[in-house]
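Report on the following structure.
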Amino acid sequence: MTRKVTKAVFPVAGLGTRFLPATKSIPKEILTLVDRPLIQYAIDEARAAGITEFIFVTARGKSALEDYFDAAPWLETSLAEAGKTELLETLKNTTMPSGAIAYIRQHQALGLGHAVWCARRLIGDEPFAVILPDDVIAAEVPCLQQMVEAHAETGGNMVAAMEVPADRISAYGVLDVGAEKGRLLRTRGMVEKPGADQAPSRYAVIGRYILTPQILSNLGTMKTGAGGEIQLTDAIAEEIRVSGNVYGYLFDGERFDCGSKGGFLKATIAFALQRDDLRDELMDFLSQITQGVRIAAE
Ligand code: UTP
């Protein structure tokens, strides 16, 4: 039987240069979509998938992330005294049971693969999930939950995949696929950021993975790859070569690339439009501004 996935790694040690100067002092993962930081979306998705141990790979300057998951007794007391029970409830989702969360440091930003490898001792000898909080996925059934359910049948390694237009494919890790069965793709290879004419398919890998400990062993022997970084893609590609035991999973949902400014803005608008308290105001604003009406600030 396939072992249940209960641990997730959140690599959050990147420099976040695309959001400078904001990320000079604020971790990218604390930037908010409407009123929740990116990391909260990632944690909620992991919880829905049955994850009970949360491993953060952090770096210098990311202490705001650690504080975010701490209890805030003074704040809770003052909300309770003011009778603000709804806000108190919202705050509860941000705290973790003692011992459920662990932080490990990546001392140098040597790449995503290296960040995951830094967590190897906390992961141990069991399958684990990796969630990149930059990729926010709006879905009826949260993306990682879809994958965990599929993984219970397949075992092995699984990467989230989506089809992207040919002119965008070179921005992604790309799968070379064999047989397709429903949402499952058999893989024959995986390449990081191929030239548009070299891409083996239009199936891009995005930031959700379920991996076996063998990937950690592969990472331990990896040399730097594309961009001078230790690439997770290379360790997965090696696994495809050696065991063939890697599936692509075409998730159901809409993914926003919140690591880029354009993607972050689109997600902000899409999530705000889902909110009863904001929709009408935002719709009015968007229709006026797109018709060139000048709007005086309130
Ligand atoms: P990105 O490629 O988006 O890099 O990393 P970045 O540093 O976060 O952002 P930019 O490109 O400079 O704007 C993808 C994910 O991998 C993590 C990042 O934190 C992000 O979640 N990562 C990347 C690490 O944890 N360590 C690294 O050395 C590199």
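The values are calculated or read from the model by the stated rules, or taken from the named source; none is laboratory data. These numbers come from a predicted model, not from an experiment. In this analysis, Cβ positions are derived from the backbone assuming ideal geometry, glycine residues included, and neighbour counts consider all displayed protein chains. Heavy atoms of the whole protein, side chains included, go into the accessibility calculation; ligands, DNA and RNA do not. Shrake-Rupley method; radii C 1.70, N 1.55, O 1.52, S 1.80 Å.
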Projecting the Cα atoms of Thr77, Ile104, Leu88 onto the charge dipole of the range 58-110, where Lys and Arg contribute +1 and Asp and Glu -1 at Cβ, the residue farthest towards the positive end is Ile104
Sort Tyr68, Tyr209 from largest to smallest accessible area, using a 1.4 Å probe on the heavy atoms of the protein chains.
Tyr68, Tyr209
Does the range 1-103 classify as rounded, prolate or oblate by the C-alpha gyration tensor (a ≥ b ≥ c root eigenvalues; a/c under 1.5 gives rounded; else a/b over b/c gives prolate, otherwise oblate)?
oblate
Using +1 at the Cβ of each Lys and Arg and -1 at the Cβ of each Asp and Glu in the range 183-298, identify which of Ile215, Val205, Leu265 lies farthest towards the dipole's positive end.
Ile215
Please give the FRET efficiency for Arg279 paired with Gln108, using the beta carbon to beta carbon distance and R0 = 30 Å, rounded to the nearest 0.05.
0.10
By its C-alpha gyration tensor, with a ≥ b ≥ c as the square roots of the eigenvalues, how is the range 150-298 shaped: rounded for a/c under 1.5, else prolate for a/b larger than b/c, else oblate?
prolate
Taking a ≥ b ≥ c as the square roots of the Cα gyration tensor eigenvalues, with a/c under 1.5 meaning rounded and otherwise prolate when a/b beats b/c, else oblate, which class fits the range 230-297?
prolate
So for the range 44-118, averaging the separation of alpha carbon pairs under 8 Å that are six or more residues apart and normalising by length, what relative contact order in percent results?
48
Using the Cα centre of the chain as the reference point, and only Cβ charges (+1 on K/R, -1 on D/E), how large is the resulting charge dipole? Debye, rounded to the nearest 20.
960
Which value, in Å², gives the accessible area per residue of the chain when a 1.4 Å probe is used on the protein heavy atoms?
52
Could you pull the Rg and Dmax for the chain, using just the Cα atoms, both in Å?
20.0, 63
About the Cα centre, and with charges only on the beta carbon of Lys, Arg (+1) and Asp, Glu (-1), how big is the dipole of the range 35-160? Nearest 20 debye, please.
540
Quick one: compute the contact order of the range 83-234, relative version, from alpha carbon pairs under 8 angstrom and 6+ residues apart, as a percent.
31
Determine the share of the chain's accessible area contributed by carbon and sulfur atoms, expressed in whole percent, with a 1.4 angstrom probe.
51
Using only alpha carbon pairs under 8 Å that are at least six residues apart, calculate the relative contact order of the chain and give it in whole percent.
22
Of the DSSP H helices in the chain, the ones reaching 20 Å or more along their long axis in Cα terms and averaging at least 1.0 in Kyte-Doolittle hydropathy are none
Quick calc, the range 154-298, dipole around Cα centre from Cβ unit charges on Lys, Arg (+) and Asp, Glu (-), nearest 20 debye, gives 420
Put a dot 7 Å past each Cα toward the Cβ at Ala196 and Ala270; how far apart are the dots in nm?
2.3
